[in-house]
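Worksheet: the structure to be examined is printed underneath.
Bear in mind these aren't lab numbers, they're just calculated from the coordinates by the rules spelled out. Note that the coordinates shown come from a computational prediction; the quantities given were computed from them, not determined experimentally. Don't worry about glycine lacking a Cβ; one is built from the backbone with ideal geometry, like all the others, and counts go over all protein chains shown.
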């Protein structure tokens, strides 16, 4: 079940433009950056840089590799995207317009399943308060095997016996 979106006051594009122009050394918002931001926020999904570059090429969107890497870093800094390290793979996820959420990652097929649980949020807040620690963010990635891979594995075992 996908996460519900939350109401935001600005589009991702407007928020990113504001971020760039309000920096100590203002930066301009280029056509390539606009193209990239529009593509990324067309739908909610997890992606890595290679997947994004392949999608841009398939969609005939002309954004250079260097611009993709620089813009992704700025989108994370602007808190529009979350950067999640999963072993050797870096995955990006929407941080703007969606509630804070966690991820279950299948070690077999790589599926990422999003979930929210108030108990986790409360536990983090409680530990932080106890340690007088100001939380700026966190990522919880639970690794295991998804239901579909478990079912496929069970089916294989039934036929082997």
>> Only bridges whose two residues both fall in the chain count here: according to DSSP, what percent of them are antiparallel, nearest 5?
In response: 75 percent
> Any idea what angle helix 49-58 forms with the longest principal axis of the chain, computed on alpha-carbon atoms, 0 to 90 degrees, nearest 10?
Replying inline: 70 degrees
>> Please report the antiparallel percentage of DSSP beta bridges with both residues in region 99-161, rounded to the nearest 5.
In response: 50 percent
>> Modelling each spin label as a point 7 Å along the Cα-to-Cβ direction, I'd like the residue 83/residue 104 distance in nm, to one decimal.
In response: 2.8 nm
> So, in nm, how far is label residue 113 from label residue 147 when the simple model puts each one 7 Å beyond its Cα toward the Cβ?
Replying inline: 0.6 nm
>> Give the separation of the Cα centroids, region 53-76 to region 84-161, in Å.
In response: 26 Å
> Roughly how tilted is helix 147-160, in degrees to the nearest 10 and between 0 and 90, from the longest Cα axis of the chain?
Replying inline: 30 degrees
> Once a ≥ b ≥ c are taken as the square roots of the eigenvalues of the Cα gyration tensor of region 9-82, is the result rounded (a/c under 1.5), prolate (a/b larger than b/c) or oblate (a/b not larger than b/c)?
Replying inline: prolate
>> Test of understanding: in a Gaussian network model of the chain with alpha carbons linked when under 10 Å, which of 126, 97, 144 would top the mean-square fluctuation ranking?
In response: 126
> Do you know the relative contact order of the chain, to the nearest whole percent, from alpha carbon pairs under 8 angstrom that are 6+ apart?
Replying inline: 21 percent
> Can you give the FRET efficiency for residue 11 and residue 158, using 1/(1 + (r/R0)^6), R0 = 35 Å, r = Cβ-Cβ distance, to the nearest 0.05?
Replying inline: 0.10
> Once the Cα atoms of helix 65-77 and of the chain are each reduced to a long axis, what angle between those two axes, in degrees from 0 to 90 to the nearest 10, is obtained?
Replying inline: 80 degrees
> Points 7 angstrom from Cα along the Cβ direction at residue 22 and residue 122: gap in nanometres?
Replying inline: 3.3 nm
